[in-house]
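Derivation of every value follows stated rules applied to the coordinates shown; laboratory data play no part. Since we're looking at a predicted model, the values are computed, not measured. Cβ sites come from the backbone with ideal geometry, for glycine too, and all protein chains shown count toward neighbours.
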Amino acid sequence: MQTVDEAELLARTKQADHIAYAELVNRYKNAVYHHCFAIVRDEDAAEDITQDTFITAYYKIHTYNPTYKLATWLFKIATNKALNHIKYNARQVAGEDDLIDAVASDRPTPHKLSEQNELHEIVERLKPQHRAVVSLYYWQGMSYQEVADTMGAPLGSVKVWMARAKAQLRKELS
Amino acid sequence: MKDTDDLLRRHPVAPKRQLSSDFTNNVIQHIEQRESGTLLKRSLREVHMKLLRLPKFALIALVILAAGTVTTAGYAAVNWLIPKITVLDISSNNDDNKREFLMDVKDCGVMVGGQTADNGKQRYEVAKDANLTDEQVFKVINNSCKYQQFSRFDPWKDNSMPGAGASNITNDPSIGTITAMDESHVTIKSKVYQDYTGPDSIPAGQPVPDFETFVTHYPKGKELTRTFTLSPQADVYADGKPVLRSELKVGDNVYFLSVAKSYDNPASFGDKYGLPTTVLHFVKTDIDPTYVQPAMMGDPSIVNAVTRIVGCQGNGQYLCVDGMKMNMPSKMVYAANVMQDLPAEYSDTFKDNKKYFRTDIDDMHAGDKYHHIEGRITKMDGTHLELRSRGKVDTFSVTLPYDAVKQFNQTAKQKLSVDDYVKVDFYQNPNEGLTTVKSTDIVGLTLLLRQLGDGTYVKY
């Protein structure tokens, strides 16, 4: 049970109360970290992005619109940062699309992998944007509308991305 | 065929390694360091080197497509009330030995996001060594009230501003003086509101220069004379209402809201680069930026010397202090919800690899009240300290779960000692005395600080 409600913690954070903000960080850090990892697939990078997400959120706390869930806002910041991270690192190697396509085509089809490993290998080959949508919907328990709010994209686009992600999963699993 | 929905739900992708135990502490330390200005000391060269690794983004001026007239028929109008502040009393020596101002305030402060403006009697106190005249103190309070009214623009910035909601559109609210203007451009001398990196200038009517060639670092607080594109729809306000643009003149002091397309600097998470290029709103104002929070615009030695006295949270009969806007600098000595290193002499009682972290503090106190209390330390001995509250004067007995003060003092610049001004966050069991804070009740112990004009901090 959480005896200090989120609204109070937010109000105190806006008054630069670090202890209140630490409590908010504790409440959301693992979920944000797991989501970042689902996108970037690198634990160190995911932790850096998670840390950066909470630092950015602290300084932008006055821009948070309380009509949305705090989690949606935090995941929006985290998703942007994680996708930017991938874009930047992809550019360092080749071009973003080149890298993603190369990853998708060069990997051997997994054999004799456990069901979970097989699934995770395929998820890793999804486009980062599709991985983000899958993570938010399936693993963070968001609705499609919340995913759209988080991604800053129209609901229709989110549904298209999800359909493409699932189509790729079905194709590679079959 | 396998059911992908079922597979995805059953097998979330998860990291094998959990977040480091110091994660929350690192976040808070980073924030504290940034607030203390240490991160602003990054060299210009470092910024240049990082930018040279970036792809060639050009700074793209925000294009405002709407062709409005040079009247008030621009963006959706925002109206607000002008605060009125009256001095009722000035006492030279309050219960914390400070000069105190009793003011009658009307329509002071923010009125958005469910918050209400301050009305009625308010108390403010002045740091002993600040050397401010009564008139200067009045200016700080008056200007703070007026400046906070500009938060009226926040919902508009979030929802209706061109590009609102896009992560790469940032706004920059500042106060400055118009030095030149024509139909399509305005030149304003002002301080930079937040850190930016961008071209030195964008010549009027010229393509945006190459980012890598023209890059310059503008730290917040730096005074610049910048020429902005004037949005055709830009509104002009005076006295809380829209007025004709023709009322805006060279020499006017204005609060102005400008926007820019900005980019996350991938080489340094959290940094932005880009420069505000287009002005969207003007408010004619008599506010002198020297006396305005946030302190990056004003003079910290002046604006941080004045604090508001308010009832403590959950303890209205006791008094606490509050920054004039949001900057009440502090240093965390102990926090139950942040992983901390334990002193060497502690062994098995609390430790997890010599760390202390109460994950159960909220659960333990389900139904208990959450309080703040502030005051000066009167006694300190190991894990036990006493402080004298303000307002209703009581002696609070506080017990820490380990010697967090000793641990804090090993590394802190400002060591905690008797007579320091601290804030204590704690839970209270209704069946126990309020003035006894047990080691299982305390959520946090914070040393309150004040920022000086040179960016350094002293104890409050």
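Taking packing as the residue-averaged number of other Cβ atoms within 10 angstrom, the listed peptides B:229-238, B:84-93, B:182-191 run from highest to lowest as B:229-238, B:182-191, B:84-93. Take each peptide in A:40-49, A:154-163, count the other Cβ atoms within 10 Å of every residue, and average; sorted highest first, the result is A:40-49, A:154-163.
Going down the table (A:87/B:331; B:146/B:413; B:98/B:284; B:98/B:369; B:369/B:423; B:157/B:189), which pairs top 27 Å between alpha carbons? Listed pairs above 27 Å: A:87/B:331; B:146/B:413; B:98/B:284; B:98/B:369. Computed from the C-beta positions of residue B:288 and residue B:399, the FRET efficiency with R₀ = 41 Å rounds to 0.30.
Peptide A:47-58 is shielded by partner chain Cβ atoms: per residue, an average of 5 of them sit within 10 Å of its Cβ.
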